[in-house]
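The next block holds one structure in the form of structure tokens; read it before the comments.
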Amino acid sequence: GIYQLFLLISHCDSCMAPLVSGAGAAGPRLNNDQLYKFSYTTEVLVDRAKGSKDGSVGYRISSDVDVNLVWRDPSSKDDQLIQLVISNVKIENVAQRSAKKNIFQGATTQSLLGENKLAALERPFMVHLKNGKVSSFYCYKAEPASIKNLKRGVASLLQVQSRSGKVIENDVSGRCTVEYKAAQGQVTRTKALETCKTAETGFTTYIQVLGVSGESSSVTVFTLEDGFIKSATAKETHILAVNARRTTAAKIVSRQNLTLVTIETGPFEAAGKNVASVVKSLDEKLYAVGVTAEKVKSQCKGCRSLFEHWQEVQKQFEPDSLSKAIAPRSFLALIQSMRKASKDEILQVLKSSTKTALPQVVDAVTSSQTPASLDAMLQFLNFADPKGLVLQERFLYACGFASHPNERMLQALDISKGKIVSNDIKESVVIIMGALVHKLCQKGGCELPTVVEVKKMILEGPDSTQVESDVQMYLLALKNSLLPEAIPLFSKYAESEVGAYCTISLTALQRYDVALITDEVKQTVNRVYHQNRRVYEKNVRAAAADVVFSSNPSYMEVKNMLLSIGNLPRELNKYMLSKVNDILHFEMPASKILRQAMKDMISHNYDRFSKVGSSSAFSGFMARTADATTTYSLDILYSGSGVLRRSNMNIYGASNGATLHGLQVAIEAQGMESLIAAKPDEGEEDLESFAGMSALLFDVQLRPVTFFKGYSDLMSKMFSMSGEPMNVVKGLILLTDHSQVIQLQSGLKANAEFQGGLAIDISGGMEVSLWYRESKTSVNNKGAMVVTGNVTVDMDFVRTGMEVSFETEASLDFITTVQFSEYPFLVCMQMDKTTFPFSESLTKYESLPSGKSYVSRRGHKQLLPGSEFPLHQENSNMCKRVFESDL
């Protein structure tokens, strides 16, 4: 519908520019009986952002263009029908190259274009110019779209008005806002490319930190003489760069030049009442086809099928490859093939995969996000099959990480909810639906019928059931949705009697924009921390403190927090002290008001700030570059008896003012005191034995994993605990996903595809040795990442483009060892990053259908040294003691 609307508008004259009528010509006027002979060139160059013309790939098309007046409205001199004829077409290199590297060497225009296309390009076409605007464009309907677009590109250089001002115009680029500036004999036209509406739209990932941003400009300078165009010179530039690494970028430069060479005697004006009748009388095969560019179907001769592609890469989808860069690279390439494939072709790949590679194939199919790929997944998965849990969960996680989900994906999850037999999968579906609601709302789809329905379900969910696991499921879904209307619910559940509800609600509140946290919510959170209404578990109070500190606290809030230190259970005391120091050391937003409150001596006395204990909170930088910053934080809270209560590891990415919660792995344990015959802390006497782990990845909270629940489960696992880590997340994730069609004013078209893939393997474990009175928790993160950017200008007769990419493999281990044979017990935390490879590459190419091609490759590899991240000094001292006692 939109495209028809544009076509309609392009034939509508009154909706053109707000032009001032009156004396003088509105635009260029041709004289009768004259033939204007122009020379025309257009070139396109593709290169890295700072590249020079000589290093670019691309080509130049040059020709002669003859222009003459066919008919003029007797009552309006600015209403003209003009004929254009292109001849002497040449196609050649732009950059200076040796004959061996020049793919056009020895080729004729006819051998490049083929007889039919060349004939079509040289066939006369007509333009109806009204008040300096191209109001209709006439050519043969059957001409190839690429040829029609090149002709439209020439026509775009006839469109000029002689007065300054802003207007909305249609041309080959679409419907755009354009500004004209007129000075003596010269007019400059600046097109605001970001305003151009076209029939072909792309998509981009919703996470800014992982996204791609662009800059573009288009300027045409006209010189006029005797009322007509003497020359028109246009330059259009597009630069696209990966936000987190701006050197991974590509640039497209397009130039056009139309110059009047001579004026000769031309044919006479035709007679007729109106444009349409004149055109018909001259050549009845000429049709008005609209001035905006047509979609060009890219021909794929000798392309491999999806199944052939799959057979080539299937080994890279086996689990052993997941920590190597080849896995995400193959994943990205397979997604590109899947996006062009039908449902049946995709099903063929799913059915032929090995059992071990299948979960990774599910990642790829779901991440393709086409109607065919979603249909294939829904047909392939059987939610009623209890044996298919791994694949079902992988499908759900891939939906949660989807870069540009649509309403249909949410609908599919909503429908499949009824068929599911496994409780775990049922929970995952609802939790992931929350993440999809958030992404769809971010894109302005909050009022879509399915979104409204799902919002209602998850908002009413917590109060609709007494089943603890269901209430948690709805709260986690709301935590993912970040709906402002869930804040009162979180505020209510933060004061619940069930510790798990409180921690989910408090950690959810921390994810909201500070502006949405009202004074009423802050009062609730402060009440929980200070236990005004009842006693809370320590980890709940620690979570409440985190919310207070991160929500723009007032002087009184901070002062009361400082005054509480010294009167808290001992490990919470130590945690709060460490938290305060971390805020000051890392210059967090609350540090200013903290310093102010600490000047008040009563709250900052020595006794209060010299408490012993082993809990801690620490933040630091993992990596800092010009484009992005990665920070980590580690918070650990112990029970008074020395058993881990909560360990929380976070990694954040920030770029260009946007932040991303890349990873959170939280391990919670409770009710373990009976194991070591110790006394539980206040408010924690009746807690059931439990240990579990919860992960949040790229802003999406995943279903928590339980290590053990209940005393008997704990005992059976205690004696069989092999220390084998439990898998939390494993798979392939599409992080960056940007697809864009760039319609150039010359009629040529560029396609930009930027994709980033991550292969990830996160596992965690907990071992307790009663014999050595020692416990160990570990979180192992292994990953490999590849980001590629492809820009191509693909005409039927020549293809040119470039690929920029970078890749890396890394592993990060976080291990905590606790010896609880004496108090304060010894705790040693280690966070190690292994040495990892990093490589970048740049490939530029030109190729002809005949197979003749030019390719230039550059790249560099480096090994970045591993490191143990520095935690606080106290920790370093303790690690020495732990390792000494191990000797």
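Points worth noting:
- Convex hull of Cα atoms in segment 78-156, direction-averaged projection (nm²): 6.3
- Accessible area per residue, Å², the chain with all protein chains present, probe 1.4 Å: 42
- Coil-residue chymotrypsin sites (Phe, Trp or Tyr not before Pro) of segment 554-604, DSSP, other Cβ within 10 Å capped at 11: none
- Normalised alpha carbon radius of gyration of segment 426-547 [divisor 2.2 N^0.38 Å]: 1.04
- Test item: Cα-centred dipole of segment 49-119, Lys/Arg +1 and Asp/Glu -1 on Cβ, debye: 600
- Segment 347-420 - convex hull of alpha carbons, volume per residue in Å³: 78
- Cα-Cα separations in segment 468-537 greater than 18 Å, expressed as whole percent: 30
- Calculation over all alpha carbon pairs of segment 224-331 in 5 angstrom steps from 0 returns a P(r) of 2, 7, 7, 7, 10, 13, 12, 8, 7, 6, 6, 6, 5, 3, 1, 0 percent.
- Our note on the geometry: Cα centres of segment 833-857 and segment 466-487, 47 Å apart.
- Segment 30-48-segment 194-238 distance, computed between alpha-carbon centres (Å): 19
- Loop sites by DSSP among the GluC sites (Glu not before Pro) of the chain, restricted to those with at most 16 other Cβ atoms within 10 angstrom, leave 1-199 as the longest stretch without any of them.
- Candidates per trypsin sites (Lys or Arg not before Pro) in segment 246-289, loop by DSSP, up to 16 other Cβ within 10 Å: K273, K285
- Pairwise centroid distance, computed over Cα atoms, of segment 490-524 with segment 350-428, Å: 32
- If the chain linking D686 and D54 were pulled fully straight, counting 0.36 nm for each residue of separation and taking away their Cα-Cα distance, it would gain 220.0 nm.
- Eligible lysines near K844 by straight Cα distance, threshold 20 Å, same-chain separation 8 or greater: K50, K53, K100, K101, K251, K749, K852, K861
- Residue-wise HN-Hα coupling along segment 619-628, computed from phi with Karplus coefficients 6.51, -1.76, 1.60 (Hz; x: Gly, Pro): 10, x, 8, 8, 7, 9, 10, 5, 9, 8
- Paramagnetic reach from V882 in segment 637-664 [backbone N under 20 Å; point 7 Å along Cα→Cβ]: 637-651
- Principal axis box of segment 228-267, alpha-carbon based, largest edge first, Å: 60, 14, 13
- Under Stokes-Einstein, with the Kirkwood radius over Cα pairs as Rh, the value for segment 500-632 at 20 °C and 1.002 mPa s is 138 µm²/s.
- Taking amide H as placed 1.01 Å from N in the peptide plane, Q34 has its amide H under 5 Å from the amide H of L69, G266, each at least 5 places away in sequence or on another chain.
- Computed lengthening from K100 to D66, 0.36 nm per intervening residue step minus Cα-Cα distance: 8.7 nm
- With every protein chain in place, the chain: carbon and sulfur % of accessible area (1.4 Å): 52
- Taking the Kirkwood radius as Rh and the Cα radius of gyration as Rg, segment 22-175 has a ratio of Rg/Rh equal to 1.03.
- At least 24 Å along the helix axis (C-alpha) and Kyte average at least -0.5, DSSP helices within the chain: 423-442
- Among the chymotrypsin sites (Phe, Trp or Tyr not before Pro) in segment 158-252, none sits in a DSSP loop with a Cβ that has at most 14 other Cβ atoms within 10 Å.
- FRET efficiency, N31 to E215 (Cβ-Cβ, R0 30 Å, nearest 0.05): 0.15
- Whole-Hz couplings from phi, Karplus 6.51/-1.76/1.60, listed for segment 198-208; x for Gly and Pro: 10, 6, 9, 10, x, 8, 8, 5, 7, 8, 4
- Segment S856-K77, length gained on full extension (0.36 nm per residue, minus Cα span): 275.1 nm
The values are calculated or read from the model by the stated rules, or taken from the named source; none is laboratory data. What you see is a predicted model, and the numbers here were worked out from it, not measured in a lab. Quick reminder, even Gly has a Cβ in these numbers, built from the backbone with ideal geometry, and neighbours come from all protein chains shown. The accessibility values were calculated without ligands, DNA or RNA, using every heavy atom of the protein model including side chains. Shrake-Rupley method; radii C 1.70, N 1.55, O 1.52, S 1.80 Å.
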